[in-house]
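What follows is one structure encoded as structure tokens, with my remarks underneath.
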Amino acid sequence: MPPAAVIFDAGRKHSPFLDGSGRRALRTNAVLSKVVPYMLADIGEGITECEVIQWFVKPGDKVCEFDKICEVASDKATVEITSRYEGVVKRLYYQENDVALVGKPIVDIEVEDSSNQQKPPPPPPPHEPPATNTAMDSTSRNSIPPQPDYTTTRNGDVVYATPAVRRVARENSVELCYVKGSGKAGRVLKEDVYRFIEHRALGAPGTAEASKEKVTDMEQPFDRLAPLSPIQRVMFKSMTDSLSIPHFRFKDEIEIDSLMQARQRINDYLHTQPGLESSKMTYMPFFVKAASLALTKYPILNARVVTDPNAQPKLLFRAAHNIGVAMDTAGGLIVPCIKNVQTKSLMDISAELVELTSKGKRGAITSADMKDGTFTLSNVGMIGGTYLSPVLVDSEVCIGAIGKIQRLPRFETTVVDGLPVEKVVPKHILVASWSADHRVVDGATMARFAVFYKSLLEHPEIMLANLK
């Protein structure tokens, strides 16, 4: 019996793999493919555009699912975009530093069109050589590319750096591929760029060739026009919108000697606990928890103004105390939130602050960390400065700023031989500055909130009595 009779029904006139004489026919139609545009997905918080920081692929590269395609910076954070398809990159829609629009394609990927693929042919006879495509594809899928060395000079390799670092490099005509990174995994830091610029100015060997342009003392300063960074763009928009909010300010001194003693006792306790020896309680958890306790007493300051052109304005009283903490990072000022502070202890808040600070240093703050804030605190005293006039965003009606701690002379009344005596003593003082939306918050409410907040910090036992 001919081999064809084993495989195919004898009643069938034609076979896709045999001609009319029963001999094997030549198959010429290849697997069909199609080009799929890969859209920049919505990453939340109303973000409509992102800046393309760097590409990890180029046209002609083969990508698999979850391979990194590019790194983008939104107004909230830096995000790596990964592929959802397996195929070949055909087109990049943007160059580095271009602004990409959410919902629009950023790259075209050629993928196999499974809907139009023909049924694969049966296995070839033993005497026929096996096809090499499958073996090559299997090898390419199973091979693991070598990890690039980010600690040496590189020309075509990926350069890891935050948007702020790239901006400094652009402003100083520095190509980051020639800068040796000292950060984790070879990430280029601001200090690395400044060090490179300093060595270039001093004429260090090799830097003139690397930078292609030596900076001399004879250079004249010049004006330049620079685009806004993603964070600057959102600041521009939100601060422009805030001009429609009538602000009023309230400032008050807070004496924190008792708080300093309570904090020291907590840290002494932590040092004796197994696994917590390296833990350290800062002042910020006290500031955040005190704000939550005060918001419980004055909930209007945790509300939001809801406006509708076709209806009367309303106030949305929010149950959750999602307190944003202003954080200075390499990419600029960001405000991640500690969610549901009203349910958390000082230790919980401290642990979450440590995690957010670590993510901020790595540029790993996500949009989920930033969303749904109801109240904001800025501890500007960590940098310096005593007073601040913080500016509201339209999603909140109150914002606070904590100044630096100062040791100042203050009068204190004591009793000597049954008589009150005033004397000057040193006290540790900080200033809390508040801004509120005067459309819905009056000065008396703000003052009562600030006085209660002050009492919680000046007398930690009152804070303890209010904890649930």
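To make sure I understand the rule: partners must be lysines, Cα under 28 Å from the Cα of Lys423, and not fewer than 8 residues away in the same chain. Which ones qualify?
Excluding near neighbours in sequence, the set is Lys251, Lys404, Lys454.
Please give every one of the lysines within straight-line cross-link reach of Lys68, meaning a C-alpha to C-alpha distance under 17 Å, and leave out same-chain neighbours fewer than 8 residues apart.
Lys58, Lys90
Please go through segment 356-422 and write out the chymotrypsin sites (Phe, Trp or Tyr not before Pro) that DSSP classes as loop and that have at most 13 other C-beta atoms within 10 Å.
Of the chymotrypsin sites (Phe, Trp or Tyr not before Pro), the ones in loops of segment 356-422 whose Cβ has at most 13 other Cβ atoms within 10 Å are Tyr387.
So how much accessible area does Glu422 have, in Å² to the nearest 10, using a 1.4 Å probe?
130
Grab the other residues whose beta carbon is less than 11 angstrom from that of Ile429, score K and R as +1, D and E as -1, and report the net.
So the environment of Ile429 carries a net charge of -1.
Summing +1 for each Lys or Arg and -1 for each Asp or Glu, what net charge is found among the other residues whose Cβ lies under 10 Å from the Cβ of Tyr94?
Net local charge, Tyr94 excluded: -2.
Can you give me the pair-distance distribution of segment 247-466, C-alpha pairs, 10 Å bins, whole percents?
8, 30, 35, 18, 7, 2, 0, 0
Relative contact order of segment 316-466: what whole-number percent is it, with Cα pairs under 8 angstrom and at least 6 residues apart?
Dividing the mean separation by the residue count of segment 316-466 yields 17 percent.
Does segment 34-111 come out rounded, prolate or oblate, given a ≥ b ≥ c as the square roots of the eigenvalues of its C-alpha gyration tensor, rounded meaning a/c under 1.5 and, failing that, prolate meaning a/b above b/c?
Prolate.
Between segment 304-325 and segment 49-109, what is the C-alpha centre distance in whole Å?
36
Ranked from highest to lowest mean number of other Cβ atoms within 10 Å per residue, what is the order of the peptides 176-186, 294-304?
Put in order of decreasing packing, that is 294-304, 176-186.
Among the chymotrypsin sites (Phe, Trp or Tyr not before Pro) within segment 219-306, which fall in a DSSP loop and have no more than 13 other Cβ atoms within 10 Å of their own Cβ?
Listed in order of number, the matching sites are Phe222.
Ranked from the most accessible area to the least, with a 1.4 Å probe and all protein chains present, what is the order of Lys237, Lys468, Lys454?
Lys468, Lys237, Lys454
Which lysines have a Cα less than 16 Å from the Cα of Lys468, not counting those fewer than 8 places away in the same chain?
List returned: Lys289, Lys297, Lys344.
Give the relative contact order (percent, whole number) for segment 34-111; include only Cα pairs under 8 Å separated by 6+ residues.
42
The values are calculated or read from the model by the stated rules, or taken from the named source; none is laboratory data. Being a predicted model, the structure only gives us computed values, none of them experimental. Backbone-built Cβ (ideal geometry, glycine too); neighbour counts: all protein chains shown. Side chains are part of the model used for accessible areas, which takes the heavy atoms of the whole protein and leaves out ligands, DNA and RNA. Shrake-Rupley method; radii C 1.70, N 1.55, O 1.52, S 1.80 Å.
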